[in-house]
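We did not get these values from a lab; they are worked out from the coordinates using the rules stated. It should be emphasised that the depicted structure is a prediction, and the values quoted were computed from it without experimental measurement. Methodologically, a virtual Cβ is constructed for each residue, glycine included, from the backbone with ideal geometry; neighbour enumeration extends over all protein chains shown.
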Amino acid sequence: MNIGIVCYPTYGGSGVVATELGKALAVKGNNVHFISYDQPVRLDAFAQNIYYHEVSINNYPLFKYAPYEIALTSKIVDIVKAHKIEVLHVHYAIPHAAAAVTAKHILAREGIQIKIITTLHGTDITLVGKDKSYEPVVTYSLQESDVVTAVSESLKKDTYSFFNYSGEIHVVPNFIDFERFNKQPKDHFKKGIAPNGEKILVHTSNFRRVKRVPDVLDIYRRVASKIPAKLLLIGDGPERASIEEECRNCDICSDVIFLGKQEAVEEILSVADLFLIPSETESFGLAALEAMACEVPVISTNTGGLPEVNIDGVTGFTSNIGDTEKMAADALTILHDYNLALFKARAKEHSLNYKLKNILPLYEALY
Ligand code: GMT
């Protein structure tokens, strides 16, 4: 089958899932054509049956905002025609679904039929999508897609409640490549970070407000006031500078380590004891699942799809948004020597439900 995949190329979960899905489909003999404004980060090596087409924008001084959606639509039309694409799978509704729908209509006028699968990832519905400035177009894109999928039951429910859409939404959870996300023996690295056997807490995100990184710091401080602990912060984004400044002001820079954007996140997760994800909204929480695959239990909020991934009292604990006191108390429960091995084992065990081999057939059936 000839498949087109439209996604964001960045470190975000939607781009990662789209890329890993495309790679797996290519291994099964499909021709997979990625369309994006940059090479997707996980598309890092040449592989058979995989092609990448870059959307370039012809800028003009008149434009205050370059019309990316038009450039993307035109690129989709071109690639569908040139490579006889049968199914176009767009990840993240804005603006990918709208571009796909317009391309489909343009192609239909030339007698070319394609099918569109739109996969909703989260903020395209819960934060950005439902905003008045986007809502009518997102609604139209959902109605005009041939298949709509959501990454969690929670996101499916949110979509029905925020949009005038009554078609079917198939829940297809995200998945993990276990060849990559596995606990790796990195004892020397662990000794470097925590030479005196301190517990290692970790958080990875794009440091946007929705991630509530100040809560991460608050939980860490509460934990560190009771037991020796270090905090590793992976990723970068708008909130990082203020958090870093706070750490400098409190003189905890040697215990809170900012690692920035990292390729081999699995190596860092492998030395961690606990993953913190106190997000305001999180439709799935792929970062938490990746941690669990590396045997790291999770402290999360109980918002969105997080309770579907992090089972309260089993793989970690969930709490109300902002309840850092409970989150810290739960963290200490998990980190207690008596409990830690059990939580680690259960986190790993639950993550195994999200094996690529379990999830791929769900998408293949929809194709
Ligand atoms: O966070 C975003 O706004 C974008 C998006 C992304 O590209 O990472 O994140 C969403 O999709 C991920 C992959 O399906 C989910 O794991 C994240 O939970 C979801 N983010 C939010 O809902 C905030």
Per residue, how big is the convex hull around the C-alpha atoms of the chain? Give it to me in cubic angstrom, could you? 147
Per DSSP H run of n ≥ 4, the term is -39500 (n - 2.57); total these for the chain, divide by its residue number, and report the mean residue ellipticity at 222 nm rounded to 500 deg cm²/dmol. -12500 deg cm²/dmol
With just the Cα atoms of the stretch 2-172, tell me how far they stretch along each of the three principal axes, in Å, largest first. 43, 41, 35
For the stretch 232-367, what are Rg and Dmax over the alpha carbons, in angstrom? 15.9, 54
For Pro228, what charge total do you get from the other residues with a beta carbon under 15 Å from its beta carbon, if Lys and Arg give +1 and Asp and Glu give -1? +3
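Rounding to the nearest 20 debye, state how big the charge dipole of the stretch 93-159 is about its Cα centre with +1 on each Lys and Arg Cβ and -1 on each Asp and Glu Cβ.
Around 80 debye, computed over the stretch 93-159.
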For 222-235, 347-360, ranked highest to lowest by mean beta-carbon neighbours within 10 Å, the order is 222-235, 347-360
Can you figure out the FRET efficiency of Gln39 with Ser166, using R₀ = 45 Å and their beta-carbon distance, to the nearest 0.05? 0.75
Residues with amide H under 5 Å from that of Lys199, placed H, sequence gap 5 or more: Ala229, Lys230
Give me, ordered by chain and number, the residues 5 or more places off Thr149 or on other chains with an amide H under 5 Å from its own placed amide H. Thr118, Thr119, Leu120, His170
Order these peptides, 240-252, 87-99, by their mean beta-carbon neighbour count within 10 angstrom, highest first. 87-99, 240-252
Below 8 Å, C-alpha to C-alpha, sequence gap of six or more: please give me the relative contact order for the stretch 161-296 in percent. 36
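Using Cα-Cα distances under 8 Å and only pairs 6 or more residues apart, what relative contact order does the chain have, in percent? It would help to have the intermediate numbers written out before the result.
On the way: 697 pairs, mean separation 46.6, N = 367.
Relative contact order comes out at 13 percent.
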Given contacts defined as C-alpha pairs under 8 Å and at least six residues apart, what's the relative contact order of the stretch 237-367, whole-number percent? 20
For the stretch 45-58, Karplus couplings with θ = phi - 60° (6.51, -1.76, 1.60), whole Hz, Gly/Pro x: 9, 5, 9, 4, 6, 10, 10, 10, 10, 8, 8, 10, 10, 7
Long-range amide H partners of Gly4, meaning residues 5 or more apart or on another chain whose placed amide H is closer than 5 Å, are His33, Glu86, Val87, Leu88, His89
Dipole axis of the chain (+1 Lys, Arg; -1 Asp, Glu on Cβ), positive-most option in Ile277, Ile106, Ile193: Ile106
In the structure shown, of Lys186/Lys326; Lys64/Lys157; Lys211/Lys355; Lys81/Lys211, the pairs separated by more than 29 angstrom at the C-alpha atoms are Lys186/Lys326; Lys64/Lys157; Lys81/Lys211
Entries in Lys226/Lys261; Lys199/Lys344; Lys28/Lys357 that, when Cα-Cα distance is taken, lie over 20 Å: Lys226/Lys261
Under a point-charge model restricted to the Cβ atoms of Lys and Arg (+1) and Asp and Glu (-1), what is the dipole moment magnitude of the chain relative to its Cα centre, in debye to the nearest 20? 380
Show me, for the stretch 306-318, the HN-Hα J-couplings you get by feeding each phi into the Karplus relation (A = 6.51, B = -1.76, C = 1.60, θ = phi - 60°), rounded to Hz, glycine and proline as x. 4, x, 6, 9, 9, 7, 4, x, 10, 9, x, 9, 10
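Which whole DSSP H helices in the chain pass both tests: a Cα extent of 15 Å or more along the axis and a mean Kyte-Doolittle value no lower than -0.5?
13-27, 68-83, 96-109, 213-224, 324-335, 356-366
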Quick one: if the Förster radius is 45 Å, what FRET efficiency do Lys261 and Lys157 give, using the C-beta to C-beta distance and rounding to 0.05? 0.90
Taking 7 Å along the Cα-to-C-beta vector as the label spot, tell me the Ile106-Asn358 distance in nanometres, rounded to one decimal. 4.1
